[in-house]
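Take a look at the structure set out below.
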Amino acid sequence: MDASTDISDYFGMLRRHWWVVLLCTVAGAGAALLVTAVQPKLYESSTSVLVQPAGQDTNVVGGRTKGDINLDTEAQLVRSTAVAAGAAELLRTGVAPDELARNVTAEVPANTAVLVVTYGASDPAVAQAGSHAFAEAYLRNREESAKADLNAQIAALNTKVKQLGDTLSRVNGRLAGLADGSPQRPNLESQRSTAQNQLNNLSGKLNDLTTATVTGGKIISDARLPEAPTKPDRVLNLATGAMLGVLLGLAAGLLRERLDRRVRTAADVARRGRVPVLAELTDREQPRFDDVLHPYEDGGRTFNRLRNEVVASLGPDDKIVVVAGASRGVASTLVAANLAAALARTGSDVILVGAHVPAPLAPIFGVAATPGLSDVLAGRVGLAAAVQPAPRIPSLRVVTAGGTASAAGLMQSQGLRDALDLLCARPGYVVIEAPSTSSSADAQSLASLADAAIIAVELRRTRRPEVTDAAEQLRRVGTPLLGAVVVPRLLPPAAEPEPAALADTALIPALPAGPEPADLSSAGLAEVDLNSSTAVIRVPKTARPRR
C-alpha cells in the first residue's frame, strides 16, 4: 500500500484475501481451545465476612474505607502469616502457611464493612474448605487479638484501682489520727474525695470491660462448592484467540497484497502505473479473446467510446494505431480486434494487421489463418494475397499474423516499414495488434512506426511493473501513448472452427471493393515482385512518407 491508497483499497484487499483472514481466525480460535484444554483448572470459592469493631480498632485519617475500621488493613491481615497458620491448622494440612496464603485474596466491596475472602484450588472441595478456613482463622485471630487487648486494659485498670485503693487507705489513716480542728484535715479530705471519685470511675470501666462480649465479626455468606472452574476462561480465551487470528489474518492479507504485484483494478493502472485508462471491460461481460463484441451490448458500447476517443486524439495525417499488451497473453488481440471493428462500423476503411504470432486473428473474423504478415515479410507471398476482407464487417480488412514459425527480426525489417506505408496509402486507419512489451522488442519496433499507441492490460494477469515498463518503452520511441484499455482475465478460447482451405490465392477477394483494381500492384500503390525469394515492395512517390 502507498500514499494513494484509500479505504476502498483495503476493502478490496479484504474481499480478495478473506479466506486468509478466515483461516487465521479459525486457527486462532482452535489454538485458544487447545490452550484452554491443557491449562490447569482453577476453582474459586468465596466467603463474606462482616467485620465488626473490636478492641482498639481505628481508621487512619484519609483511609479509603469509612467507619471505625480500616478494611484495607484488614484485607491485608487475611493473608498474614498468623491467619495462614490458623487456616492450616483448621485444614489439617502440612502445606506451609506462606504457600496457603498465595492462594487467597481478600476484597472490600465499595461502601461496605464486608471482606470477601476467596480461595483458589484445583479441586472444588479444597477451594470451599480453604475459603471457609481462612475466614474462620481471620475471625479467630481478630477475636484473640481483641481479647488480648481487652485483658491488657483490664490488667492496667486493676493496677490503677489497687494504687488508688492504697492511696485512699493512707489518706483515711491520716485523717483518723487528726483532731477535728486540725488545719491538715481539709487538704486530706480533698485528697480522699478525689481518690474516691477516681476509684469509682475506674471501677465502672473495669466492670464494663469484664462484662463486655468480644467478637471480631461474623460470616454472613459461607463458602459454596464451586460448580465450574473460573480459570481458564473458555469464552475469554476463545475471543482472544479469534481476535489474534483476525489481526494475524489481516497482517497476512496485507503482506500478500504487497507481495502480489498483479493489477487488480483499473485504478491500479491509473494510480500505480501512471497510465490513463481509456476504457474498461467489466467482469460481467466475460469476454473471450476470440470475441467481437456486439455494438449494442455493454462491451460494444465501451469500444465505441474508445473509438471516439482514439479518433479525437489522432491528428489529420495520423492513421496507424498500435495496440500492445503489457503482459503475455491475448489481451492486445481482443482490444485491437474490437477497436478495428468499432472504427469500421463508422464506414471508415480499416485494415487490422496481426503481428502477434501466438494469437492469430483468423478465428475472430472467420478468415484464413494463412497467408499473413509473417509470410509477406518472409517473402512467401505478396501483400495483396495476405489482405482478407472480414465477412461480417464490410469496411474491415484483416492481415493475420501468418504461418511462419519464426518471425524473429522481421518486425524490425525495412519490408515491414514499406508494407505499412503501402497500407496507409489508402484513406482510413491501420490498427496493429502487437505482441506484449514484456515478451519481445517487437512491440516497441511496431510502435516506432505508429502514430499512437494503446496498452492492453489484463486484470489479475498483468503486473504493475509491466504496465510501467510498457509505457516507458512506448514513450522512449517517441510514440504518443493514448492510454490503457483494461480487460478482465480472459476466458479460455472457444473451440476454433476449421479454417477454409485456400485452393487458389485468386479466390481471396482483393483489397479494393467494387470497380477498383484487383490487387495492390495494379492499384498503383506498389509494385510487388513475387518471383524473388523475398518480397520486394516498391513504394511510389504518392505513398505515405515513412516515419
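The values are calculated or read from the model by the stated rules, or taken from the named source; none is laboratory data. Nothing here was measured: the structure is a model prediction, and the numbers come from that model. Ideal geometry is used to build each Cβ from the backbone, glycine not excepted, and the neighbour counts take in all protein chains shown. Please note that ligands, DNA and RNA were not included when accessible areas were found on the heavy atoms of the full protein model with its side chains. Shrake-Rupley method; radii C 1.70, N 1.55, O 1.52, S 1.80 Å.
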### Query
Would you list 13, 243 from the most to the least accessible area, probe 1.4 Å?
243, 13
### Message
Students sometimes get this wrong: rank 479, 215, 346 by accessible area, probe 1.4 Å, all chains present, largest first.
### Response
346, 215, 479
### Message
Show me, for the range 204-218, the HN-Hα J-couplings you get by feeding each phi into the Karplus relation (A = 6.51, B = -1.76, C = 1.60, θ = phi - 60°), rounded to Hz, glycine and proline as x.
### Response
x, 5, 5, 5, 5, 5, 6, 9, 6, 9, 9, 8, x, x, 7
### Task
Work out how much length residue 441 to residue 221 would gain on full extension: take 0.36 nm times their residue separation and subtract the Cα-Cα distance, in nm to one decimal.
70.3 nm
### Task
Mind grabbing the accessible area of residue 25 for me, 1.4 Å probe, Å², rounded to tens?
30
### Query
How large is ³J(HN,Hα), in whole Hz, for each residue of the range 366-381 in order, when computed from phi with the Karplus curve 6.51 cos²θ - 1.76 cosθ + 1.60 and θ = phi - 60°, using x for Gly and Pro?
x, 10, 6, 6, 9, x, x, 4, 5, 5, 5, 5, 7, x, 7, 9
### Message
With a 1.4 Å probe and all protein chains kept in place, how do 161, 95 rank by accessible area, largest first?
### Response
95, 161
### Message
Using a 1.4 Å probe on the protein heavy atoms only, what accessible surface does residue 136 show? Give it in Å² to the nearest 10.
### Response
50
### Task
Could you check how much of the accessible area of the range 263-397 is carbon and sulfur, as a whole percent, using a 1.4 Å probe?
50
### Cβ charges +1 (Lys, Arg) and -1 (Asp, Glu), total dipole of the range 127-199, debye
260
### Query
Taking H as built 1.01 Å from N, whose amide H comes closer than 5 Å to the amide H of residue 429, not counting residues under 5 places away?
349, 350, 351
### Message
Can you give me the distance in nm between label points at residue 240 and residue 112, each placed 7 Å from the Cα along the Cα-to-Cβ direction?
### Response
2.7
### Task
Work out from phi, with θ = phi - 60° and the Karplus expression 6.51 cos²θ - 1.76 cosθ + 1.60, the ³J(HN,Hα) of each residue of the range 79-87, listed in order in whole Hz, and give x for Gly and Pro.
9, 6, 5, 5, 5, 4, 5, x, 5
### Task
With +1 on each Lys and Arg Cβ and -1 on each Asp and Glu Cβ, and nothing else charged, work out how big the dipole of the range 212-314 is about its Cα centre, in Debye to the nearest 20.
460
### Task
Could you pull the accessible area for residue 147 with a 1.4 Å probe, rounded to 10 Å²?
90
### Message
List the residues, sorted by chain then number, that are 5 or more residues from residue 79 or on another chain and whose placed amide H is less than 5 Å from its amide H.
### Response
none
### Summary
Residue-normalised value, i.e. accessible area per residue, for the range 89-183 at 1.4 Å probe, in Å², stands at 57
### Message
5 Å is the cut-off here: which amide hydrogens, built 1.01 Å from N in the peptide plane, fall below it relative to residue 52, excluding neighbours closer than 5 in sequence?
### Response
217, 218
### Task
Considering the options 249, 310, 354, tell which one lies farthest towards the positive end of the dipole of the range 239-390, charges being +1 on Lys and Arg and -1 on Asp and Glu at the Cβ, about the Cα centre.
249
